[in-house]
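One structure is given here, and the rest of the page talks about it.
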Amino acid sequence: MTTKPQRTERRADALSKERIVEAAIEILDADGESALTFRALTTRLSTGSGAIYWHVADKNELLAATTNDVIDRVMARVVSDGEPREAIRAIALGVFDAIDAHPWVGAQLFREPWQSAMLRIFEGIGGGLQALGVPEREQFDAASALLNYVLGVAGQNAANARLARDTDRTDREAFLGDVAARWSELDPAEYPFLRQVATQLREHDDREQFLAGVDLILAGIAAAR
C-alpha cells in the first residue's frame, strides 16, 4: 500500500521581505490600513502565514517597513551633492507626492516619529540647512518648522482627496469649484478675505502652492540670518 507524501510547508526563505512589503503597499493603497491583515497577505501571496512571520513580526513592523520603503524611494531621488536649497525642495516635494499617492504614509509618520523614515526626512532637511549655513542654534527650530509644514500640508492634501472621493466628487476641479462657490457666498463683512481668494482656490495648483510655502519658509530662514 502506498501512502501520499505529506504536504510540507513552503520554506520561509522562498518569500522575500521585499515582496511582502510590495504586496502590503498594494493592499494599503487599494483599501487602506484596516484591510492590511496577515490573512489578506497570505491570500495575495499564495503562501502560509508562517512564511510571512518569518520576515515580519507583526502589523506594526510591517507598516513601518512599507513606510520606510516609500520614503527610501523619495530620498534616493535627492541629489546629495546638489545645491542644498534645491535638495530641501526636492525632499519636500517628494514627501508631498508620496503622501498624495499613499495617504496612509502620512498617518504612519505621525504615529511613529522615531522610525527610520521620519529620521531620514528630518536628517535630509537638517543637513540641507547646515549646508546653507544656518547657525547651529537655529537649525533645530528651522528644520522642525519645515518638517511640520511638509507633513501637515501633505496630510491635509491627502485628506482633501479622500473627502472629494467620499462626497462623490472624483474630479478635483469640480470639488474645488464647489468649495469656492461656498466661499463666494460668505458674508462679505465677516469673511472678506475668503471671498476675495475664492477664485484663486478654484484655479490654484496644489503642488505649486505647496512649494511656494516651502520657499517662503526658506526665505524667512535666510532673512533671519
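No lab work stands behind these numbers, since they all come straight from the coordinates. All values reported here derive from a predicted model rather than from experimental measurement. Because the Cβ atoms are built from the backbone with ideal geometry, glycine has one as well, and the counts that use them run over all protein chains shown.
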- Task: Treating the angle as unsigned and between 0 and 90°, give the value, to the nearest 10°, between the Cα long axis of helix 17-31 and the longest Cα principal axis of the chain.
- Result: 60 degrees
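Which order do the peptides 195-207, 61-73, 114-126 come out in when sorted by mean C-beta neighbours inside 10 angstrom, highest first? Walk me through the numbers on the way to the answer.
Numbers: 195-207: 13.7, 61-73: 19.6, 114-126: 17.9.
Peptide ranking by packing, descending: 61-73, 114-126, 195-207.
Report, in debye and to the nearest 20, how large the dipole of the range 80-224 comes out about its Cα centre when Lys and Arg carry +1 and Asp and Glu carry -1 on their Cβ.
240 debye
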- Length added when fully stretched, residue 19-residue 79, from 0.36 nm per residue minus Cα-Cα: 18.9 nm
- Query: Between residue 130 and residue 219, how many nm apart are label points set 7 Å from Cα along the C-beta direction?
  - Reply: 2.8 nm
- Query: With labels modelled as points extended 7 Å from the Cα through the Cβ direction, what inter-label distance (nm, one decimal) is found for residue 114 paired with residue 207?
  - Reply: 3.6 nm
- Message: Under a crude label model (7 Å from the Cα following the beta-carbon direction), how far is residue 107 from residue 191 in nanometres?
- Response: 2.8 nm
- Task: Normalising by the residue count of the range 86-217, find the relative contact order in percent from Cα pairs under 8 Å and 6+ residues apart.
- Result: 30 percent
- Nearest 10 degrees, 0 to 90: helix 136-166 Cα axis against the chain principal axis: 70 degrees
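Please give the calculated 222 nm ellipticity per residue for the chain, where each DSSP H segment of at least 4 residues contributes -39500 (n - 2.57) and the sum is spread over every residue; nearest 500 deg cm²/dmol? Don't skip to the answer; put the middle values down first.
Numbers: 11 runs with 163 residues, N = 225.
Here the helix-only value at 222 nm equals -23500 deg cm²/dmol.
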